[in-house]
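The values are calculated or read from the model by the stated rules, or taken from the named source; none is laboratory data. In this text, all values refer to a predicted model and were calculated from it rather than measured experimentally. Every residue, glycine among them, receives a Cβ derived from its backbone with ideal geometry; neighbour counts consider all protein chains shown.
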Amino acid sequence: MYRLLQTGILLTLIVALQASDKVWIPEALLQQAEQEFGDAAKERLLDWQRLYQDLQDESEDEQLRAVNHFFNKYVNYFSDQKHWGQKDYWATPYESLTTHGGDCEDYVIAKYYTLKELGVPVDKLRITYVKAKRINQAHMVLTYFPTADAIPLVLDNLISKIFRADRRKDLEPVYSFNASGMWLERLKGEGIRMGNPNKLDLWTDLRLRMAAQGMDI
C-alpha cells in the first residue's frame, strides 16, 4: 500500500511538472524569430512562454495583473504608420514581441490571447474601442467582466494599473467584441449585441495570420 501511495505521488508530481513546462510557442516560430530578428527577439518569446507557465495555477486576478504588466513592459509603443508602414494593422503577439513594438490594438490582442490561453473564459474578455478623452483620439483597451452584469476592469497601455471602468473617466466606450460577438458598449453589463466580429476585416486577417503561426485567437 505504501509503495502504491509513493507511486501515485510520483505520477502526480510528474504530471504537474509536465503541465508547468508546457511548450505553447511552436519551435518553428522560435527559430524563425532568431533568424529574422536575432537572439533578443527569441528571448522575448521565451519570456512570454515562461510567463504562461508561471501563471497556470494562479487566480484570474493575478493572471490579469501579470499579463497586463508583461506586455506594457515588453512592447514599445509605435504608431502603425511608423512601425508597419500602414495606416491600420493588427499585429499578432508574435509580431509585436519579435519586432519589439506595436500600438494600442496590438497590446490588447496580445493580452486577450494570452489570458484566453491561460483559461480565462472568452465571455469575460472584450476587445473594446473607446475614445481617449485626454489625447482626443480613438483607442483600444481590454476589458474583463468578473460577471456578466459587472462593471468591467480595464487593461490599458496608457495607464498600467488596472481600474474599474467607472474610475476611468478619461475613456468613453464605443463598442467591443471578442471571438463570439460584438456589442455596442455601455458602462455596466453586456451591452447591446451587434453581430459577428468576423465582419471586421482586420479581425479576420488577424485570425488567418495567427492560424498560420500555429495560434488560434
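Of note:
- Scanning segment 114-133 for residues that are among the β-branched types (Val, Ile, Thr) and either over 14 Å from the mean Cα position of the chain (by Cα) or modelled with pLDDT of 95 or more (or both) yields THR114, VAL120, VAL130.
- The residues of segment 72-106 that are crowded, with 18+ Cβ neighbours inside 10 Å and either touching a strand residue (DSSP E or B) at 6+ places or on another chain (Cβ under 8 Å) or on the phi > 0 side of the Ramachandran plot (or both), listed by number, are VAL75, HIS83, ALA91, GLU95, SER96, GLY101, GLY102, ASP103, CYS104, GLU105.
- So TYR77, is it at pLDDT 95 or above, touching a Leu at 6+ places or on another chain (Cβ under 6 Å) and within 23 Å of LEU200 (Cβ to Cβ): no
- Taking every residue in segment 31-54 that is farther than 14 Å from TYR74 by Cα and free of Cβ contacts under 8 Å to residues at least 40 places away in the same chain and pairing it with any residue that is of a type outside the set (Asp, Glu) and in a helix (DSSP H, G or I), at least 6 positions away or on another chain, the pairs with Cβ-Cβ distances below 6 Å are GLU34/LYS42; GLN53/SER20.
- Those residues of segment 189-217 which are modelled with pLDDT of 65 or more, assigned to a loop (DSSP other than H, G, I, E, B) and more than 17 Å from the chain's Cα centre (by Cα), in sequence order: LEU200
- Members of segment 171-188 that are of a type outside the set (Ser, Thr, Tyr), at pLDDT 75 or above and either crowded, with 16+ Cβ neighbours inside 10 Å or within 17 Å of THR204 (Cβ to Cβ) (or both): LEU171, PRO173, PHE177, ASN178, ALA179
- Per this entry, LEU29 is counted among residues that are at pLDDT 50 or above and assigned to a helix (DSSP H, G or I).
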